[in-house]
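Where a number appears in this text, it was derived from the coordinates with a stated rule and is not lab data. Given the structure is predicted, the values throughout are model-derived calculations rather than measurements. Note that we place each Cβ from the backbone using ideal geometry, even for glycine, and neighbour counts take in every protein chain shown.
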Amino acid sequence: MAIRRDTICALASGLPPAAISVIRMSGPAVIDITERRLSVAKLKPRHATLVDLHSEDGDLIDSGLAIFMPGPASYTGEDTLEITLHGGRMITELALKSIMSAGARIAEPGEFTRRAFEAGKLDLTRAEAVADLIDAESEAQLGQALKQMDGALETLYSGWREDLTEALALLEASIDFPDEEDAPERVDAPVREKLGVLKSDLIQALADGNITERIRDGFKVAILGKPNAGKSTLLNQLARREAAIVTDIPGTTRDVVEVRLTMGGYLVWVSDTAGLRETQDVVEAEGVRRALKAAEDSDIRIWLYDARESFQSDQVRPGDLIISNKSDLVDPESVSRETLSITAKDGSGIDKVEAAIIERLGSLTQNVSAPIITRARHRQGIERALSHLESALGHLESGIGAEFVSEDVRLASRELGTLTGHVDPESVLGAVFSSFCIGK
Amino acid sequence: MQDDLNFDVIVVGGGHAGCEAASAAARTGARTALITHKISTIGEMSCNPAIGGLGKGHLVREIDALDGLMGRVADRSGIQFRMLNRSKGPAVWGPRAQIDRKLYREAMQEEILHHANLTVIQDGVEDLIVEDKKVAGVIGESGNAYAAKAVVITTGTFLKGIIHRGAERIPAGRVGEKPAIGLSDRLYALDLPMGRLKTGTPARLNGETIDWDRLEMQPADEAPIPFSYLTDQIEVPQVSCGITFTNTDTHETIADNLKQSAVYSGAIAGRGPRYCPSIEDKIHRFAEKTRHQIFLEPEGLDDPTVYPNGIATSLPREVQDEFIRKIEGLEKVEILEYGYAIEYDYVDPRALDSGLQVKALPGLFLAGQINGTTGYEEAGAQGLVAGLNAVRFGRGEANALFDRAEAYIGVLIDDLVTRGVTEPYRMFTSRAEYRLSLRSDNADQRLTVRGIDLGLVGPERADVFHVKQDALKSGRAVMQSVAMTPNEAQKLGWKVNQDGQRRSAWDYLAYPSITMMDVESAFPEVAALDQAIKSQLEIEAMYAGYIERQKDDVEALRREEALELPGDLDYAAVGGLTNEVRAKLELIRPATLGQAGRIEGMTPGALTALLAYVRRRPNRKRTANA
């Protein structure tokens, strides 16, 4: 009844034609495939060997370098083989066909990493980092993914769990050893202190984590202002293409138009929004509503106004960029030197806008040296843990039984555990026995 | 074969596991034999004279809810009842009692010797009878062959048991008892995974030579709360225990002679329990402490023997004499029996299935200390499970299981067969994930119905149970039928949301700041309810919110428990498993995905691989246990 785990293969390099093609395979049939298609009995592990790859009928497909990595000391934990061939379309196609006819199948997206996770080679946060490494478009994304791959999140999250385990050890000692002289009878104070510190750590992490989430997902920059201020033109200039429709008719932009850019090494989503004004037009009103929502969710907000008018808004927050447009239409002397002034139409001053955005990005990220939160999943886990922690602190305050406090701490620990692994009762008991002399 | 030597179930051993196993089997109607080499030691308490405590008291209540013996026998012999943790909530109250050893033994023997369907036989057991690779009975020292469909072995520390005291070595089970060589050879021949453990015991003192007047005394609770749901009142006279402390003089004597301790001389390889260290251990590991507490526990009303709880030791006799007499109140004490450490082999319980049956030999069940546990309560709980499932095996029925969300018994068995032990296993409340629902006050509500279905519960208990259930039901109905507005509640000084929502007495009771006394004074209908019912309802209301929140967890647990892993699963074919994880899975052969997840060292990744594999399997047919 045994169903052998199957062997997977895939083109690991970019689409041919290219200089080379790297084909990777992983699974129990790797050695067999090596024998049948490369006519080599056994490849020396972790050495590049020149081999000939043959088709099912024994015809030569190509010569290339093969590297065999035996399990469990491989990325997936299974026997793995990588063959580097010439990067032609036909060679690649025939090579995959030959390998599949020898007992492999094409891997699903992410399947190699999934196998690495299943083999315990990576925890969940590291597995996520692999995907982020591959998807990185900006230096900042890459740097962060590398740190996460190196275990930055795992270390951070398990550190918090250890703090909770210590608090639990105190609580459990007071519950399970009430007769012991050494078991701390009054554990409230030290528990309250530990939980209090952790609570502020989590709150801080949720705040700072915003930034690391943005580094991964992209910072949001919204261009806001009255109709016909030139917002769409500015967007097109920043994007260096006609992303948004530009006309002279006020209210042309109805929906939010987003473009993805890298600026100063960061991924950024710049959005053009509907001009803000009172309107009877149902569609435009919805556009205004969406513009305000985009403004709310943005990290950086650019207020653009027509230099012939004066800028007024009660929605400006500290740190917002205020830019006057159409400066070619006014006397340069009349514009305040404090205000950044541009002419979006001919692109003059766009470099100054970019510099201002990059400067803002720099100040947003200056305090963040390592990833804290990079996915919504992490944020949810931490938020839930925090709410249990607050409940535990509330129980301590009201003097209700230690079992309630303990229950909440346990739940908080489990939430954090879901981010990487899990906490088990034995580790709590271990902490109890190592710190107290228990046993009458 | 003679009919009077022919049984459904044979239980070997008359300790706490053996008594519960025999009684459980007999209660279900099976023709049961309990074979012991000495009838007079049935129900003997070989270590400290106490039953219950945190987690352990919960187990006693659960055994009782399934109509087992331990709770009722303890109620007839308890001489100092105390409810531990009264300052905390009822979920973590631990019923505990000091026991008169003689009264306990007598009460247990009375139960066992007059038990329906149960024959007690005095004989040593020399060997198992194995037919068709299944156990078919046992051979006695007498030469008798006893036939049975299943055999439960509950022989404690008899496997290569060695007593250590200083340089003395005495092969033994307990002091004065000889180990059963033939049976142990047979068990070793099965080639089961084994480990070695140790445990220790203190000297026994003559209470008449203790200077009690100088010591702090700890009295019993004023109103002792019985273990058993069938006991109305404790009638045994209650006594106090003394409390004294070691001091720096004592510590010095022990430290000077540490090398003579069997444990510290390196003579003992087995691992001891972290929660019950010897006094040598305490002084060595916590050198900064200047004193350690000792409870002086009387072993009986008319027995002068005192058990000094807290100074287990394997030091030589003369060193025991010296350090004990340096303790306040014990300056002139007479030592009746010296303390010792005992080292023994146990069977790695991961070799057992969830019914405590040896996977390698169908029909053979193990319960108690032989599985690496410590404590009468842990032994009794295992005995009950093994006795019940031995009957079911003989009848061709699947194991009856209790899950972790249902009972401490479920936590105990699952921990043993899934995680194994590295020290003598003792129950703690912190081992139970669903501690707020697994309370000592509601063991009957959790388990008695199941006990009735399984045929374990007799008519007397069933009646008492149904009467109480009906009273609780109508009590809840009364509390839900009377109500008032938040405005009225505020006038009573209650802090509630002023949302205009009329709430029932039951809803108000769920507020942490509102007690049953408050509710009673506001609603005469509630005041009229029976006191015991009111107390129970108050506890229910207190935890209702948390238990509601745990429902999702419990459902997730049961979903994973429903995903069965076939007994012959080829873990090598699953792939993606590290050698370490695979070896553990092959040893334990978890019955369900949930159980697999609780194996020590199991990674989330490995579980994902297992889940994916099980989902891929074409035939997911249920595999019967029997």
Gaussian network model of chain A, Cα springs within a sub-10 Å range: biggest mean-square fluctuation belongs to which of A:Ala169, A:Ala48, A:Ala131?
A:Ala48
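Over the whole of B:423-431, what's the average partner chain Cβ count within 10 Å per residue? Rounded to a whole number, please.
Details: counts 1, 0, 0, 3, 1, 8, 5, 14, 7.
For this peptide, the per-residue mean of nearby foreign Cβ atoms is 4.
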Shape descriptor, the protein assembly as shown: equivalent ellipsoid semi-axes (Cα gyration tensor, sqrt 5λ, whole Å, largest first) stand at 64, 40, 28
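Residue by residue through B:90-102, how many Cβ atoms from other chains fall within 10 Å of the Cβ on average? Intermediate values should be presented prior to the final figure.
Working: counts 2, 6, 9, 3, 4, 0, 2, 0, 0, 0, 0, 0, 0.
Partner-chain Cβ atoms within 10 Å, mean over residues of B:90-102: 2.
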For A:246-256, B:236-246, B:92-102, B:66-76, ranked highest to lowest by mean beta-carbon neighbours within 10 Å, the order is B:66-76, B:92-102, B:236-246, A:246-256
Restricted to Cα positions, what overall size does the stretch B:53-97 have along the principal axes? Three whole-Å values, descending.
29, 23, 11
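Rounded to the nearest 20 Debye, what is the dipole magnitude of the stretch B:126-245 about its Cα centre when Lys and Arg each give +1 and Asp and Glu each give -1 at the C-beta? Present the calculation step by step, with values, prior to reporting the outcome.
Values: 13 positive and 17 negative charges, 161 e Å.
Using Cβ point charges on Lys, Arg, Asp and Glu, the stretch B:126-245 gives about 780 debye.
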When ranked by the protection proxy of mean other Cβ atoms within 10 Å per residue, highest first, what sequence do the peptides B:53-63, A:386-396, B:251-261 form?
B:53-63, A:386-396, B:251-261
Sum -39500 (n - 2.57) across every DSSP H segment of at least 4 residues in the protein assembly as shown, then divide by the residue count to get the 222 nm mean residue ellipticity, nearest 500.
-12500 deg cm²/dmol
Straight-line reach only, C-alpha to C-alpha below 29 angstrom: list the lysines that A:Lys231 could link to, leaving out same-chain residues fewer than 8 apart.
A:Lys220, A:Lys293, A:Lys326, A:Lys345, A:Lys352
With no solvent term and unit scatterers on the alpha-carbon positions of the stretch A:7-107, Debye gives log₁₀ I(q)/I(0) at q = 0.13, 0.14, 0.19, 0.23 Å⁻¹ of -0.37, -0.43, -0.83, -1.26
Residues B:Lys332, A:Lys220, B:Lys282 arranged by fewest to most Cβ contacts within 10 Å:
B:Lys332, A:Lys220, B:Lys282
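Indicate the gyration tensor shape class of chain A (rounded, prolate or oblate), computed on the Cα atoms with a ≥ b ≥ c the square roots of the eigenvalues: a/c under 1.5 is rounded; otherwise a/b larger than b/c is prolate and the rest oblate. Show your work: numbers first, answer last.
Values: a/c = 2.98, a/b = 1.12, b/c = 2.65.
Oblate shape, in that a/c is at least 1.5 and b/c is the bigger or equal ratio.
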Give, rounded to the nearest 20 debye, the magnitude of the charge dipole that the protein assembly as shown has about its Cα centre when Lys and Arg contribute +1 at Cβ and Asp and Glu contribute -1 at Cβ.
2080 debye
Number of partner chain Cβ atoms within 10 Å, mean per residue of A:168-180
6
Restricting to bridges with both residues inside the stretch A:215-365, how much of the DSSP beta-bridge set is antiparallel, in percent to the nearest 5?
30 percent
So for A:Met69, B:Met194, fewest C-beta neighbours within 10 Å to most, what's the order?
B:Met194, A:Met69
Projected onto the charge dipole of chain A (unit charges on the beta-carbon of Lys, Arg, Asp and Glu, signs +1, +1, -1, -1), the Cα from A:Ala107, A:Ala370, A:Leu153 with the largest positive-side position is that of A:Ala107
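Size of the dipole of the stretch A:215-365 about the Cα centre, Lys and Arg at +1 and Asp and Glu at -1 on the beta carbon, nothing else charged, in debye to 20? Could the numbers behind the result be given before it?
Values: 20 positive and 25 negative charges, 70 e Å.
Result for the stretch A:215-365 is approximately 340 debye, rounded to the nearest 20.
Which order do the peptides A:74-80, B:463-469, A:273-279 take when ranked by the mean count of other beta-carbon atoms within 10 Å per residue, highest first? It would help to have the intermediate numbers written out before the result.
Working: A:74-80: 23.1, B:463-469: 14.4, A:273-279: 19.0.
Result, highest mean Cβ count within 10 Å first: A:74-80, A:273-279, B:463-469.
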Phi to ³J(HN,Hα) by Karplus 6.51 cos²θ - 1.76 cosθ + 1.60 over the stretch B:379-384, Hz, x for Gly, Pro
5, x, 4, 5, x, 4
Which lysines have a Cα lying under 17 Å from the Cα of B:Lys534, excluding residues fewer than 8 positions away in the same chain?
B:Lys468, B:Lys473
Tell me the relative contact order for the stretch A:275-393 as a rounded percent, counting alpha carbon contacts under 8 Å between residues six or more apart.
15 percent
With Cβ to Cβ distances under 15 Å as the rule, what net charge do the other residues near B:Ala269 carry (K, R +1; D, E -1)?
+2
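Any idea what the relative contact order of chain A is, in percent, if you count C-alpha pairs under 8 Å spaced at least 6 apart?
Values: 761 pairs, mean separation 64.6, N = 440.
Normalised by residue count, the contact order of chain A is 15 percent.
Return the ratio Rg/(2.2 N^0.38 Å) for the stretch A:215-365, where Rg is computed over Cα atoms only. Write down the numbers at each step before the final one.
Numbers: Rg = 14.4 Å, N = 151, 2.2 N^0.38 = 14.8 Å.
In units of the globular-protein estimate, the stretch A:215-365 measures up at 0.98.
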With the crude spin-label approximation of a point 7 Å out along Cα→Cβ, what separation in nm comes out for B:Gln480 versus B:Leu113?
5.1 nm
Label-to-label distance, nm, for residues given as A:Lys42 and A:Asp6 (7 Å Cα→Cβ offset):
2.9 nm
For a quick size check, give me the Cα extents of chain B along its three principal axes, largest first, whole Å.
77, 73, 53
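Relative contact order of chain B: what whole-number percent is it, with Cα pairs under 8 angstrom and at least 6 residues apart?
Taking the mean separation of contacting Cα pairs over the length of chain B, I get 17 percent.
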Long-range HN-HN contacts of B:Leu159 with modeled amide H, under 5 Å:
B:Asp345
Okay, which of the stretch B:465-482 sit inside 15 Å, backbone N to the point 7 Å along the Cα-Cβ direction of B:Val449?
B:465-474
